[in-house]
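One structure is given below, encoded as structure tokens.
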Amino acid sequence: MAKLTEGDVEAATLEWFEQLNYTTFHASEIAPDEPNAERQDFADVVLLPRLRSSLELINPQIPADAIEEAIRKITRSETPSLFENNRCFHKLLTNGVNVEYQTSERIVYDQVKLIDFTNPDNNDWLVVNQFTVIENKKDRRPDVVVFINGLPLGVIELKNPGDENATIKGAFKQLQTYKQDIPTLFPYNEILVVSDGTEARVGTLTGDWEWFMPWRTIEGDDIAPKKTAELEVLIKGIFEKNRFLDLLKHFIVFEIDGSDITKKMAGYHQFHAVNKAIERTVTATSPSGDKKVGVVWHTQGSGKSLTMAFYAGKIIQNPAMANPTLVILTDRNDLDEQLFTTFADCSDLLRQNPVQAEDREHLQELLQVLSGGVVFTTIQKFAPEPRQQYPELSPRRNIVVIADEAHRSQYGIEG
């Protein structure tokens, strides 16, 4: 039996994307000077004609000159730092680009949406293989690039499965070389994938090798059988249009520590657990719901704090929840501090800054708001004063309590 080659893996990759209804091209078909060229130069990494027509389609109310202003903001570098530029771009991708334009009556302040997150088919989905980029006389050719609306959001690097010396770690090292040699490709990057056709790993722009992880399920109901190619599971599990948009909008965070930026993306277990929990929360808080969302079990080291942050970020934006208030409950001050720090790092995702309750009175005050807010407290602050009943703080159904092992303290509380 003939050994698989890298070309075979590349062809299979394109076929899996075609099964997800992406358009696929060999990069030579849209290269500069070709009849169907979509790039003026090999230094161009954004497919401007696709970007422009997509933005016009998604934002029909916005005039052409404001669309051009948005394109300028997307394609210019804000800082010398690749990671900081990537963070800025991610904000534009998920929130939209602020623009202003003059009508006959007034100046309008508006937002250009880069992606239609509610209607996947309103976007332009393209996968290109052998995408040559030339920058500073360095000529590099990533194996597969995934574009949405002309923006290169994913890069997949493949290794020859028939070559014992060609490992997926080698593919990871190749991506690091690309980051050095053709950095203009990467401010837009959301997902990096490495594979030899059998094994496959996914990670982010800032991730070291140990943070590149497998994606073990397609629909989230069960783990894919061992005989299934990991790359097929990863592509169909992540890049299915609805899931990919969900991942981009709700499951990527940036943690800042001084000048260090770490970009983190949910693992498959976090992604599917959060979506299941969101579904249950909407049901439980509805007028006929039982107010009981349920339990998410985590093993040690599986990213519980981040799962909670992803859940919080997504439930806050769920229209059915009507701007909920979240209460994050722990049973120890050090846990409260640790979780608070994680959530504070994710304030872009939460679209607000979390607050720590200082004492019982402050907690009562924080929970008497009409809507919104992310409140951290230890469970002890819910203990009533001696011989007093704790007052009802709010009759609202959209206050969501997220308890982190706080059950350990409940056994001693009466009632």
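The values are calculated or read from the model by the stated rules, or taken from the named source; none is laboratory data. Not measured: the values here are computed from a predicted model. Ideal geometry is used to build each Cβ from the backbone, glycine not excepted, and the neighbour counts take in all protein chains shown.
For first residues located in region 200-216 and assigned by TED's automatic domain parsing to the domain that holds Phe244 and surrounded by fewer than 19 Cβ atoms within 10 Å (Cβ to Cβ), partners that are part of a loop (DSSP other than H, G, I, E, B) and not small (Gly, Ala, Ser) and lie 6+ apart or on another chain with Cβ distances below 7 Å form the pairs Arg216/Ile223. Condition check for Val282 on (1) within 21 Å of Asn189 (Cα to Cα); (2) outside the structural domain of Asn123 (by TED's automatic domain parsing): one failure, at (1). Which of the residues spanning region 208-235 are of a type in the set (Phe, Trp, Tyr) and either over 17 Å from the mean Cα position of the chain (by Cα) or farther than 25 Å from Asn21 by Cβ (or both)? Across region 208-235, the qualifying residues are Trp209, Trp211, Phe212. Within region 24-55, being within 24 Å of the chain's Cα centre (by Cα) and among the charged types (D, E, K, R) holds for Arg50, Arg52.
The combined condition, being part of a loop (DSSP other than H, G, I, E, B), in contact (Cβ under 8 Å) with a residue 12 or more places away in the chain, hydroxyl-bearing (Ser, Thr, Tyr) and assigned by TED's automatic domain parsing to the domain that holds Glu18, is not fulfilled by Thr177. The helices (runs of 4 or more DSSP H) falling completely within region 27-122 that include 2 or more residues that are of a type in the set (Phe, Trp, Tyr) map to 82-95. So for region 250-269 (the condition being modelled with pLDDT of 95 or more, part of a helix (DSSP H, G or I) and among the hydrophobic types (A, V, I, L, M, F, W, C)), does at least one residue qualify? Within region 250-269, not a single residue is modelled with pLDDT of 95 or more, part of a helix (DSSP H, G or I) and among the hydrophobic types (A, V, I, L, M, F, W, C). Per the listing Gly154, Gly170, Gly150, the residue uniquely out of contact with any strand residue (DSSP E or B) (no Cβ under 7 Å at 6 or more places or on another chain) and farther than 17 Å from Asp41 by Cα is Gly170. The set of residues in region 122-173 that are hydroxyl-bearing (Ser, Thr, Tyr) and in contact (Cβ under 8 Å) with a residue 40 or more places away in the chain contains only Thr132.
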